[in-house]
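Data first, discussion second: the structure below is written as structure tokens.
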Amino acid sequence: MSRRRPSSRRVLLGVRSGIIDAYGDYEDVLRDIRRFTSLAHGSDVLTKALLGNYALLDRGRPLEDLRNSIFRTALSRNSRCPLCERAQVCALDHFLPKNHFPEYSILADNLVPVCERCNRLKGDECDRVGGLLMFHAYFDEFPDIEILFAEIDVDSTVSIRYSLRHSDGIDNFTFERVEKQYKVLGLFDFYQMEAVAELTDQIDLYDETYGSCGDSGLQSILSALARGAERKGVNHWKAALYRALSRNVDFCSGGYRNLLATPLN
Ligand SMILES: [Zn+2]
């Protein structure tokens, strides 16, 4: 274990009160990123010293417990990634990227457990000019008004396409943030692939239901699946998927079999 170089330590002690103030201002920064000037702005030495703090969370280092407790808390609630709602969490994302906001590199509020894919795609994304941030798992509620839709087309194959539609019940700024999140994380394509895989796995269930109860039986099953998925949020990708499928006459009257001919993209 290497000790912090005295120069970094001196630099950090010199800005100690500034860092404490920055921690207190974190939520204000989230509200309007355009007005924020980083404590380390223009100082390579300070930036490097602050970034060096992050290594303190590594195994065997003084802040290892902080990392462990963040993951423990996440896993005790829901081990799914809060950004895609699909994969397991395995990495810590700096909501405000540490390269732009090094003073928050070890602030627990800024460290969000996410999956590997979302961590990679989000990267340093942070639109300071537009003031548009993605949704913060600790501070923001994703809209609970239906804005995510799945379009189902049953032909020789079954194609699924996701889209967002504005609703009167949601303000423009919030909707733009949702759009940004979907774009940065490539969620339309990701959910399309996940949906095809999910439905293909269920063909036997659809066959049995359709064989014994016909299209109304299959429709009921799909509606029940939609209601179940909506417990995770009205805009959960499975909720949008099953809502659309339950309303699709072609799919419910035997068109589901064409799933086997559905290409993955
Ligand atoms: Zn994810």
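Computed values, structure above
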| item | result |
| --- | --- |
| Members of region 152-192 found to be of a type in the set (D, E, K, R), assigned to a strand (DSSP E or B) and over 20 Å from the mean Cα position of the chain (by Cα), listed by number | Asp153 |
| Some residue of region 145-165 being surrounded by fewer than 17 Cβ atoms within 10 Å (Cβ to Cβ), farther than 30 Å from Thr200 by Cβ and in contact (Cβ under 8 Å) with a residue 24 or more places away in the chain | yes |
| Single residue of Ala244, Ala226, Ala195 found to be farther than 17 Å from Thr157 by Cα, among the small types (Gly, Ala, Ser) and under 25 Å from the mean Cα position of the chain (by Cα) | Ala226 |
| Subset of region 75-96 [surrounded by fewer than 22 Cβ atoms within 10 Å (Cβ to Cβ) and over 18 Å from Asp58 (Cα atoms)] | Leu75, Ser76, Arg77, Asn78, Ser79, Arg80, Pro82, Cys84, Glu85, Arg86, Ala87, Gln88 |
| Candidates Arg77, Arg72, filtered to the one that is within 16 Å of the ligand (Cβ to nearest atom), within 25 Å of the chain's Cα centre (by Cα) and of a type in the set (Lys, Arg) | Arg77 |
| Residue match in region 206-223 (condition: under 30 Å from Asp25 (Cα atoms) and modelled with pLDDT of 95 or more) | no |
| Pick from region 87-143, criterion away from the ligand (no atom under 16 Å from the Cβ) and part of a helix (DSSP H, G or I), ranking: nearest to Leu51 (Cα to Cα) | Pro102 |
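The values are calculated or read from the model by the stated rules, or taken from the named source; none is laboratory data. Predicted model, so just to flag it, every value in this text is computed and none were measured. As a convention, Cβ positions derive from the backbone with ideal geometry for all residues, glycine included, and neighbour counts pool all protein chains shown.
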